[in-house]
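Colleague: Can you keep this structure in mind? I'll have questions shortly.
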Amino acid sequence: MKQHANLYLALFVMGATWGVTPVLIKIAVSAGHHPFGMIVWTNLVSVIMSGVVTFGRGRKLPMSMPHLKLYLGVALLGAVIPNLLNFTAAAHLPAGIMSILIALVPMFAMPIALVMGFEKPSIIRFLGALCGAIAIVLIVGPDTGLPDSSKVVFVFVALGASLCYGGEGNFLTWFGMRTLDPVQVLFGASLLGLIIAVPLAGFTGHFIPLDNLGAPEFAIIFASVISWGTYATYIWIIGKAGPVFASQVAYLVTGFGVIWAMLLLGERYSIWVWMAFALMLVGIALVKPHDSE
């Protein structure tokens, strides 16, 4: 019971902190910063923080072929591709809408997990995912929809990021952590992500110098630090409770993301948002850790 309480607590804290990143990303992209440049700094911050923690504990970063495959899978599915899609969409969509779309991660994670045999069919889990789906419908209804219907294409761009995150959790379950802890995995994935992102940013001329720090640049740094901490926690939860349970953090990220967008960016939504938030919490309660069944 205590272990389950810790899992739910970690999920809640992760959602509250991760939920502010769409706001920070919106601030950064509104200043004209390009996704490739932001991906470079996101991975660089993660490399530094992961390296300090890993080497500070006297551990190494294995570089065998299986480990490189692990790093590459996490880098592509959890950082480079979804960040490119998220940063691109964030330039055209409100931060609150970006937070809402994150809640689709469990919708992608569950069918993938079922196909791969990691989860058993469960009416309770299906109802939990259904609550999230209904919540999304409530939030993107007529009173809280997109301000510009021409931006709908970027909704599908953002959904691509959710698909990546849903696939990543199942990839980790399938491939395994290869005896590494979450910080080591992040270290290796961020290092490969940086190797991928630097040439892309250089080729397109979209490096972001941080010699003249303003609100957009600080937003990039803060978002990177928060993403690093929450991402490490996310990988830890996957190992403890499976990809579908871990993906329920998307509901909390959505709820807190909307709240942060209202507080920090002045975005406003209708009562349907609060009804949806309640449904998100119900959805989390219906998806149990493996050993609770």
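The values are calculated or read from the model by the stated rules, or taken from the named source; none is laboratory data. Here the structure is a predicted model, which means the values were calculated and not measured. Cβ: placed from backbone, ideal geometry, glycine included. Neighbour counts: every protein chain shown.
Colleague: Taking into account only those residues within the range 21-54 that are hydrophobic (A, V, I, L, M, F, W, C) and closer than 20 Å to Ile237 by Cα, which is surrounded by the fewest Cβ atoms within 10 Å (Cβ to Cβ)?
Modeller: Across the range 21-54, the extreme among qualifying residues is Val53.
Colleague: Within the range 1-20, restricting attention to residues that are more than 21 Å from the chain's Cα centre (by Cα) and under 23 Å from Asp181 (Cα atoms), which residue is surrounded by the most Cβ atoms within 10 Å (Cβ to Cβ)?
Modeller: The extreme case among them is His4.
Colleague: Just a yes or no: is a residue in the range 96-110 part of a loop (DSSP other than H, G, I, E, B) and modelled with pLDDT of 90 or more?
Modeller: Within the range 96-110, none of the residues are part of a loop (DSSP other than H, G, I, E, B) and modelled with pLDDT of 90 or more.
Colleague: Looking at (1) at pLDDT below 80; (2) farther than 16 Å from Thr21 by Cβ, which is the one condition that is false for Leu279?
Modeller: For Leu279, the failing item is (1).
Colleague: Here is a further query. Tally time: how many residues in the range 222-255 are surrounded by fewer than 24 Cβ atoms within 10 Å (Cβ to Cβ), under 23 Å from Leu114 (Cβ atoms) and among the small types (Gly, Ala, Ser)?
Modeller: Of the residues in the range 222-255, 3 are surrounded by fewer than 24 Cβ atoms within 10 Å (Cβ to Cβ), under 23 Å from Leu114 (Cβ atoms) and among the small types (Gly, Ala, Ser).
Colleague: Just a yes or no: is a residue in the range 211-225 within 29 Å of Pro111 (Cβ to Cβ), in contact (Cβ under 8 Å) with a residue 40 or more places away in the chain, part of a helix (DSSP H, G or I) and touching a helix residue (DSSP H, G or I) at 6+ places or on another chain (Cβ under 7 Å)? Break it down stepwise before answering.
Modeller: Going residue by residue through the range 211-225, those that are within 29 Å of Pro111 (Cβ to Cβ) are none.
Looking for residues that are within 29 Å of Pro111 (Cβ to Cβ), in contact (Cβ under 8 Å) with a residue 40 or more places away in the chain, part of a helix (DSSP H, G or I) and touching a helix residue (DSSP H, G or I) at 6+ places or on another chain (Cβ under 7 Å), one finds none in the range 211-225, hence no.
Colleague: Something else about it: With the condition being modelled with pLDDT of 90 or more, I'd like the helices (runs of 4 or more DSSP H) fully within the range 1-91 carrying at least 3 qualifying residues.
Modeller: 21-30, 35-56, 65-75, 81-90
Colleague: Name, by its number, the condition in (1) modelled with pLDDT under 90; (2) more than 27 Å from Cys131 (Cα to Cα); (3) surrounded by fewer than 19 Cβ atoms within 10 Å (Cβ to Cβ) that does not hold for Pro182.
Modeller: (3)
Colleague: Is it true that Ala246 is of a type outside the set (S, T, N, Q), within 20 Å of Pro82 (Cα to Cα) and modelled with pLDDT of 80 or more?
Modeller: no
Conditions tested, residue by residue: (1) within 25 Å of Cys164 (Cβ to Cβ); (2) within 16 Å of the chain's Cα centre (by Cα); (3) not in a helix (DSSP H, G or I).
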site: Pro209; (1), (2), (3): no, no, yes
site: Val244; (1), (2), (3): yes, yes, no
site: Thr254; (1), (2), (3): yes, yes, no
site: Arg268; (1), (2), (3): no, no, yes
site: Phe277; (1), (2), (3): yes, no, no
